[in-house]
Amino acid sequence: MSLEPKSGLLTPPTIPSTPISKPGHLSPEYFTADMSQEFYKILLNEWPYSVPIDVEHFVFWSRVPIIHPGMPSCRSAKVWPLIEQDGLWGFTGSNRTPAPRILDHEDDSALVQEAHKECMTFVMRNWPPDRWETAWLVNPLAPFTLSIDAVKLIGDESLKIII
């Protein structure tokens, strides 16, 4: 039994489109930490892979790109290719600090750090560092998703994230 139609090509199902924003609202060009909730959704991934059982894995889905060449910090000819290759990532709630690659020119290195700020601010706002330890990543191959692994802090001690 073949699933292919007689023409030899599969026809994708027709899915009704949903506008990105409400009528009269413009969609942002890219993600910002204070973006309206109509442009994103945070879901708990109940079946994460390669994550310790005591770590909660959240996925942030965005209707607009989280990394984008139009971001002010990514307009440098050196910075955008680096972000496009490495993505964005960081830690909160611990003594770990993000250490993106340092570039030859100090101004470009500052722009790489600046590119991380919107995601870092968003993660810290939703998973306060006094209550959560997180490791987060925007994979450059999936620029509309932010992956967050989080552990609730217990008293003065925290469960350690294995990275």
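The values are calculated or read from the model by the stated rules, or taken from the named source; none is laboratory data. Keep in mind that what you see is a predicted model, and the values were worked out from it rather than measured. Cβ sites come from the backbone with ideal geometry, for glycine too, and all protein chains shown count toward neighbours. For the accessible areas, the whole protein counts, side chains as well, though only heavy atoms, and no ligand, DNA or RNA atoms are used. Shrake-Rupley method; radii C 1.70, N 1.55, O 1.52, S 1.80 Å.
Just to be sure before I move on: is residue 28 modelled with pLDDT of 85 or more and open to solvent by less than 50 Å² (accessible area, probe 1.4 Å) in the structure I sent?
So residue 28 passes the test.
Filter the range 31-67 down to the residues that are under 26 Å from residue 86 (Cβ atoms) and aromatic (Phe, Trp, Tyr), then identify the one that is surrounded by the most Cβ atoms within 10 Å (Cβ to Cβ).
31
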